[in-house]
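Enquirer: Have a look at this one.
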């Protein structure tokens, strides 16, 4: 089959395949990438890592907090906790035997990544290794989550 | 059908001549040489390789960090953050542009100069010309992309240092493992870049126009990138070449996940095969006697 023949007549044969792809797209388009379950799974883990990183960069022992509860809600979606935009996350954690709370503003993009900002988002630390003054990782950190995992719950309480 | 077919008659003389025809390798060598000698390719290569050095030096001479960009907050913490920030920015706009610049006039330049008549009617099989040009374009694109990554890594290590790296999940990574993370991240965008190059090659063949060969893939890339930033159907976003170029984030997370990369490889392969097959079909049936 020549190229021009294919271009003239081949598209008719490709129509069923295109239709199948369109149906599949329509069927799966309702599953959002950003769900409450994904946010609540990733934010506390990355917060704990960033807390430990902050301590390490300052030359302290790598104290890793134990996050005991997390509650995140979308600030832009009134019907369900899903989709990119601004989210609010309340975390309760224990560090050195003391219980603490923090509220994070989580700015989530369309690509499954976010920037989390603490209450003292302008706080800085000094990196003991380089002497550079850096934004405190536990007051502002980035993270990404797997948009193909099974955490699809979007319930809004 | 072109006059190439007339040379393929099964006579002893013709088959003898066919055996002595230069193959894909010869075309590849010639086309790669032509690309390397092009001023635009040299200039793009030099500018892109120099850009990460200018970028990190500017960052180090200011107080603020690009916090809105992934890894931007760690630019002064570790030199390994430099190639990652460059990758985040380049994957959005620059890499599709580079692929289009190199591949967009690969075929149409011979149309414009009327040189197909001389190479296709006498010495080289049509398939060899096609695959030689395709491989040369893809090789040059891959070399330029990896050169940018290597330059960015070197710039970070020289200007900031080889301190521990930080994973996407916020954990420390040793410098040895960081080398692997940076290398894997840059290698993971190549399938998407090759997809854009295949689109540029296809447009170059279909339109026989160098400007369209460069502009159309760039515009397609920009439109896809704009869709990526819209709060629209996520499933459609997952089927775009740009999406495959951010799959490295999963590899650098802690714990890491590979689903975006695996799916991205499939998407990029489909784009590449479709565009190259379409280009090949049209190129094979082209009447080169028209010039």
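Enquirer: Taking residue B:82, is it more than 14 Å from the chain's Cα centre (by Cα) and in a helix (DSSP H, G or I)?
Expert: On the way: more than 14 Å from the chain's Cα centre (by Cα): yes; in a helix (DSSP H, G or I): yes.
Yes, satisfied.
Enquirer: Oh, and also: Residue B:13: more than 14 Å from chain A (Cβ to nearest Cβ), modelled with pLDDT under 90 and on the phi < 0 side of the Ramachandran plot, yes or no? Walk me through it before giving the result.
Expert: Details: more than 14 Å from chain A (Cβ to nearest Cβ): yes; modelled with pLDDT under 90: yes; on the phi < 0 side of the Ramachandran plot: yes.
Taking the combined requirement at face value, the residue satisfies it.
Enquirer: Could you give every pair whose Cβ atoms fall below 6 Å, whose first residue belongs to the range B:65-82 and is free of Cβ contacts under 8 Å to residues at least 60 places away in the same chain and at the interface with chain A (Cβ under 8 Å from one of its Cβ atoms), and whose second residue is buried (at least 24 other Cβ atoms within 10 Å of the Cβ) and in a loop (DSSP other than H, G, I, E, B), counting only separations of at least 6 or pairs across chains?
Expert: Listed pairs, sorted by first residue: B:65/B:75.
Enquirer: Of the conditions (1) crowded, with 19+ Cβ neighbours inside 10 Å; (2) out of contact with any helix residue (DSSP H, G or I) (no Cβ under 9 Å at 6 or more places or on another chain), residue B:203 fails just one. Which one is it?
Expert: That leaves (2) as the condition not met.
Enquirer: State whether one or more residues within the range A:57-65 are more than 12 Å from the chain's Cα centre (by Cα), in a helix (DSSP H, G or I) and at the interface with chain B (Cβ under 10 Å from one of its Cβ atoms).
Expert: First, the residues of the range A:57-65 that are more than 12 Å from the chain's Cα centre (by Cα): A:57-65.
Retained after the next criterion (residues that are in a helix (DSSP H, G or I)): A:57.
With the extra rule that they be at the interface with chain B (Cβ under 10 Å from one of its Cβ atoms), the set shrinks to A:57.
Among the residues of the range A:57-65, at least one is more than 12 Å from the chain's Cα centre (by Cα), in a helix (DSSP H, G or I) and at the interface with chain B (Cβ under 10 Å from one of its Cβ atoms), which makes the answer yes.
Enquirer: Related question: Spot the failing condition for residue B:236; the list is (1) under 30 Å from residue B:133 (Cβ atoms); (2) at the interface with another protein chain (Cβ under 9 Å from one of its Cβ atoms); (3) in a helix (DSSP H, G or I), and only one is missed.
Expert: So the condition that residue B:236 fails would be (1).
Enquirer: Looking only at the range B:249-267, how many residues end up being assigned to a helix (DSSP H, G or I) and either within 10 Å of chain A (Cβ to nearest Cβ) or closer than 30 Å to residue B:116 by Cα (or both)?
Expert: Restricting attention to the range B:249-267, the residues satisfying the condition of being assigned to a helix (DSSP H, G or I) are B:249-251, B:259-267.
So of that shortlist, the ones also either within 10 Å of chain A (Cβ to nearest Cβ) or closer than 30 Å to residue B:116 by Cα (or both) come out as B:249-250, B:259-260, B:262-263.
Count: 6.
Enquirer: Return the residues of the range B:155-181 that are surrounded by 15 or more Cβ atoms within 10 Å (Cβ to Cβ) and assigned to a helix (DSSP H, G or I); say none if nothing qualifies.
Expert: Selection gives B:155, B:156, B:157, B:159, B:175, B:178, B:179, B:181.
Enquirer: A further question on this structure: Of all residues in the range A:79-89, which are part of a strand (DSSP E or B) and more than 15 Å from the chain's Cα centre (by Cα)?
Expert: none
Enquirer: Of all residues in the range A:137-153, which are within 16 Å of residue B:256 (Cα to Cα) and in a strand (DSSP E or B)?
Expert: A:142, A:143, A:144
Enquirer: Here is a follow-up. Any chance you could count how many residues in the range B:88-112 are assigned to a helix (DSSP H, G or I) and within 19 Å of residue B:28 (Cα to Cα)? So that I can check it myself, show each step before the final result.
Expert: If we filter the range B:88-112 for residues that are assigned to a helix (DSSP H, G or I), which is where we start, we get B:88-103, B:108-112.
Okay, now just the ones that are also within 19 Å of residue B:28 (Cα to Cα), so B:99-103, B:108-111.
Qualifying residue count, the range B:88-112: 9.
Enquirer: For residue B:275, are the conditions met, namely being more than 25 Å from residue B:167 (Cβ to Cβ), crowded, with 20+ Cβ neighbours inside 10 Å, facing chain A (nearest Cβ under 9 Å) and touching a helix residue (DSSP H, G or I) at 6+ places or on another chain (Cβ under 7 Å)?
Expert: Values: more than 25 Å from residue B:167 (Cβ to Cβ): yes; crowded, with 20+ Cβ neighbours inside 10 Å: yes; facing chain A (nearest Cβ under 9 Å): no; touching a helix residue (DSSP H, G or I) at 6+ places or on another chain (Cβ under 7 Å): yes.
No: the conditions fail for residue B:275.
Enquirer: I need the full set of residues from the range B:160-181 which are more than 14 Å from chain A (Cβ to nearest Cβ), free of Cβ contacts under 8 Å to residues at least 60 places away in the same chain and over 30 Å from residue B:135 (Cβ atoms), in order please.
Expert: Listed by number, the residues that qualify are B:176, B:177.
Enquirer: Residue B:184 - would you say it is within 23 Å of residue A:145 (Cβ to Cβ), more than 14 Å from chain A (Cβ to nearest Cβ), modelled with pLDDT of 95 or more and in a helix (DSSP H, G or I)? If you could, list the steps in order and put the result at the bottom.
Expert: Numbers: within 23 Å of residue A:145 (Cβ to Cβ): yes; more than 14 Å from chain A (Cβ to nearest Cβ): yes; modelled with pLDDT of 95 or more: yes; in a helix (DSSP H, G or I): yes.
So residue B:184 fits the description; yes.
Enquirer: To continue, here is another question. What residue, of A:69, A:61, is at pLDDT below 95 and either over 29 Å from residue B:76 (Cα atoms) or surrounded by fewer than 22 Cβ atoms within 10 Å (Cβ to Cβ) (or both)? Quick ask: steps written out before the conclusion?
Expert: Details: A:69 fails: at pLDDT below 95.
Checking each option against the conditions leaves just A:61.
Enquirer: Tell me which residues, restricted to the range B:239-248, are part of a loop (DSSP other than H, G, I, E, B) and more than 7 Å from chain A (Cβ to nearest Cβ).
Expert: Of the range B:239-248, the ones part of a loop (DSSP other than H, G, I, E, B) are B:239-240, B:245-247.
Once the filter is applied, which keeps residues that are part of a loop (DSSP other than H, G, I, E, B) and more than 7 Å from chain A (Cβ to nearest Cβ), the range B:239-248 yields B:239, B:240, B:245, B:247.
Enquirer: Within the range B:222-232, is there a residue that is surrounded by fewer than 17 Cβ atoms within 10 Å (Cβ to Cβ), away from chain A (no Cβ under 12 Å) and within 30 Å of residue B:110 (Cβ to Cβ)?
Expert: Yes, the range B:222-232 has at least one match.
Enquirer: For the range A:118-136, what are the residues that are more than 7 Å from every other protein chain (Cβ to nearest Cβ) and buried (at least 18 other Cβ atoms within 10 Å of the Cβ)?
Expert: Selection gives A:118, A:125, A:136.
The values are calculated or read from the model by the stated rules, or taken from the named source; none is laboratory data. Note that the structure is predicted; figures quoted are calculated from it, not measured. Cβ sites come from the backbone with ideal geometry, for glycine too, and all protein chains shown count toward neighbours.
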